[in-house]
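Colleague: Let me give you the structure first, and then I'll get to my questions.
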Amino acid sequence: MTAEPAPAPRFIGSEIYRGSSYGAWHPLRVPRVSTVMDLSRALGWLERAQYVASPRAKKAALTAWHDPDYIDALIRVAATQTATDEDRATFHLGTVTNPVFPEMFTRPATGAGGALLAGELLKDGGIVFQPGGGTHHGLPTRANGFCYLNDPAFAILSLRSNSAPRVAYIDIDAHHADGVEHGFGADENCLLISVHEAGLWPRTGTVKSSHATKLNLPVRRGFNDTEMAVVLHDLILPVVTAFKPDAVVLQCGADAVEEDPLSHLSLSNNAHWAVVEALKPIAPRYLVLGGGGYNPWSVGRLWTGVWATLNGHDIPDALPQCAEAVLRGLRFENNRRGRNPDPHWFTTLRDPDRPGSVDEMLRQDIKMLRSISGV
């Protein structure tokens, strides 16, 4: 008998990301998931059968990880569009980073619902991409760092409820995965690896805070493609392979690229795609989440390339006119820190490679983390 072919990767998305914004001055004012959906369709990469509309998680599901009082407050503030002083002090709602806006409950609840659905879709194996996910800062009792809910936590819980007790969570966002670490950092059946910029908010995740299944690798400013390749092949792949996970979750934040206005790293999107490709064969279940990313062109192009990589599509050197039109239609209003668009941001998905020298301290930290992990 011949084996059944592997199911095509699924894409969990929602139109809520097209019609909602954190506000005119917030870093998450820019379109992201909708750009990936539009670009993927323009390129003929998003078949109707592959697309799954994300459900919205209800309170009963959300209180499996978040405190009920916090969820009640989030729902109330979203309904009234008013946060009290107590809401700001206790739940961090209505702050500059976690503002009040009309979809402040329905949007993150959609991300959490997609994460829960992903675990169900992966029960028998496969690949799922959820670019609206990756809100890795959310804490059980409060909002944190643009994240009202923690959908990676729900993804891990859902995978465990669907035949995947051992989960490897890898996070290559520019910011440390503090919320996920809070929930699973002491869990021996959950491997956490976070590669993030040293000293960047939330300023947690030091090498010294690591243990056998919680590995933190802060990297210096200017972190380049050559260094990410060293991290991938000398740390991530050997440690994840030795862990023998039932599922791999990759938080593929797009804010570590050189053009992002909130970090100081120098990766090209090629480095992210290399990580996505290398992790594909390690476990029978593979979930890739979005995360940070605050330049609309770089995040849209990067995550569309993630979807191409998961499907085995060749990334063209030049985009067809319909795809180029998607990128030319983007705007980056009220931007003071980002760059003006480079011409290739409109015409291709792929950045130029950004190689460089390898920091000796990075090699020493990798050696230390491998020793801590026992690999």
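The values are calculated or read from the model by the stated rules, or taken from the named source; none is laboratory data. Predicted model, so just to flag it, every value in this text is computed and none were measured. Counting neighbours? That spans all protein chains shown, and the Cβs are built from the backbone with ideal geometry, glycine included. The accessibility values were calculated without ligands, DNA or RNA, using every heavy atom of the protein model including side chains. Shrake-Rupley method; radii C 1.70, N 1.55, O 1.52, S 1.80 Å.
Colleague: In the neighborhood of A109, defined by Cβ-to-Cβ distances under 12 Å, what is the net charge if each Lys or Arg adds +1 and each Asp or Glu adds -1? Let's see the in-between values first.
Modeller: Numbers: positive: R56, K58, K59, R107; negative: E103, D151.
Local net charge: +2.
Colleague: Sticking with this one: Using a 1.4 Å probe, how large is the accessible area of D72, given in Å² and rounded to the nearest 10?
Modeller: Counting only protein heavy atoms, the figure is 70 Å².
Colleague: Dipole magnitude of region 117-254 about its Cα centre, charges +1 at Lys/Arg Cβ and -1 at Asp/Glu Cβ only, in debye to the nearest 20? Let's see the in-between values first.
Modeller: Values: 10 positive and 14 negative charges, 54 e Å.
With only Lys, Arg, Asp and Glu charged at Cβ, the dipole is about 260 debye.
Colleague: On the full set of protein chains, 1.4 Å probe, figure out the accessible area of C147 and give it in Å² to the nearest 10.
Modeller: Counting only protein heavy atoms, C147 exposes about 10 Å² to solvent.
Colleague: Solvent-accessible area of Y294, probe 1.4 Å, all protein chains present, reported in Å² to the nearest ten, please.
Modeller: Y294 has an accessible surface of roughly 20 Å² with all protein chains in place.
Colleague: Could I ask something else about it? Would you kindly calculate the mean projected area, averaged across all directions, of the convex hull enclosing the Cα atoms of the chain, in square nanometres?
Modeller: Details: hull surface 72.0 nm².
Dividing the Cα hull surface by four gives the mean projection, 18.0 nm².
Colleague: What accessible area per residue comes out for the chain, rounded to a whole number of Å², with a 1.4 Å probe?
Modeller: Working: 14760 Å² over 375 residues.
Ligands and nucleic acids excluded, the result is 39 Å² per residue.
Colleague: For every other residue with a beta carbon closer than 12 angstrom to the beta carbon of G290, add +1 if it is Lys or Arg and -1 if Asp or Glu, then tell me the sum. Before the final figure, lay out the partial values.
Modeller: Values: positive: R32; negative: D151, D171, D173, D255.
That works out to -3.
Colleague: Still on this model: Could you sort W45, W201 by their accessible area in this structure, using a 1.4 Å probe and putting the largest first?
Modeller: Most to least solvent-accessible, the answer reads W201, W45.
Colleague: Take the cross-link list K214/K244; K123/K244; K58/K244; K214/K367; K208/K280 and give me the ones stretching past 23 Å between alpha-carbons. Kindly include the intermediate steps, with their values, before the conclusion.
Modeller: On the way: K214/K244 15 Å; K123/K244 17 Å; K58/K244 33 Å; K214/K367 15 Å; K208/K280 29 Å.
As for pairs spanning more than 23 Å Cα to Cα, those are K58/K244; K208/K280.
Colleague: To the nearest 0.05, what FRET efficiency results for T204 and Q321 with a Förster distance of 35 Å applied to their C-beta separation? Don't skip to the answer; put the middle values down first.
Modeller: Working: r = 45 Å, r/R0 = 1.29.
The computed FRET efficiency comes out at 0.20.
Colleague: Hey, another quick one. Counting only protein heavy atoms and a 1.4 Å probe, tell me what percentage of region 22-179's accessible area is made up of carbon and sulfur.
Modeller: The value for region 22-179 is 54 percent carbon and sulfur by accessible area.
Colleague: In whole angstrom, note down how far apart the Cα centers of region 42-88 and region 228-299 are.
Modeller: After rounding, the separation between the Cα centres reads 25 Å.
Colleague: For the chain, what is the calculated [θ] at 222 nm in deg cm²/dmol (nearest 500), taking -39500 (n - 2.57) for each run of four or more DSSP H residues and dividing by its residue count? Before the final figure, lay out the partial values.
Modeller: On the way: 13 runs with 128 residues, N = 375.
It lands at -10000 deg cm²/dmol.
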